[in-house]
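A short write-up of the structure that comes next.
The values are calculated or read from the model by the stated rules, or taken from the named source; none is laboratory data. All values derive from a computational prediction rather than experimental measurement. Positions of Cβ are backbone-derived with ideal geometry, glycine not excepted, and every protein chain shown enters the neighbour counts.
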Amino acid sequence: MPKYTFLCQKCGMTTQSRGAITLLHIKCSCGQDADRQMPKISKVKNTETIDKLSNKKHLVDQNEILKERKQDHFWMFEVPKMVDSGTYSIETMLEQGWVFFNEKGELTTRTKPPMKM
């Protein structure tokens, strides 16, 4: 059975109790009915420690991983599409870092972020 939080309107006391999903009220210690409260899930941060050895937290590491994945996807798939589209001039592609001239003087499309190279 799930655990619910109940609030008494008379005395303001909150109580947690397990019960069926149909349980909407319980008796408070003051004798009045305590109403079941809706769970608050907005702005809840998960600070669960993922790796006990390195003490890494979930949110910080997950955001960095997602940022890296987005950058890798952009440079591996989106940049070659934009270069091959013919929409952008060579000057624009050079300024954005999408293309570069290699040692042989050939125009090459960059498939990795410039900061990783």
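Here are a few things to note about the model shown:
- Output for the stretch 98-117, where each listed residue is loosely packed, with under 14 Cβ neighbours inside 10 Å and within 33 Å of the chain's Cα centre (by Cα): T111, K112, P114, M115, K116, M117
- Residue tally, condition surrounded by 14 or more Cβ atoms within 10 Å (Cβ to Cβ) and in contact with a strand residue (DSSP E or B) (Cβ under 9 Å, 6 or more places away or on another chain), over the stretch 66-86: 3
- For the stretch 6-28, taking the residues that are touching a strand residue (DSSP E or B) at 6+ places or on another chain (Cβ under 7 Å) and of a type in the set (D, E, K, R), the one that is nearest to K40 (Cα to Cα) is identified as R18.
- Close pairs from the stretch 25-44: first over 12 Å from M13 (Cα atoms) and free of Cβ contacts under 8 Å to residues at least 24 places away in the same chain, partner in a loop (DSSP other than H, G, I, E, B) and aliphatic (A, V, I, L, M), Cβ under 9 Å, at least 6 apart: none
- Taking the stretch 33-117 as the region of interest, the helices (runs of 4 or more DSSP H) fully inside it that hold 1 or more residues being at pLDDT below 90 are 58-73.
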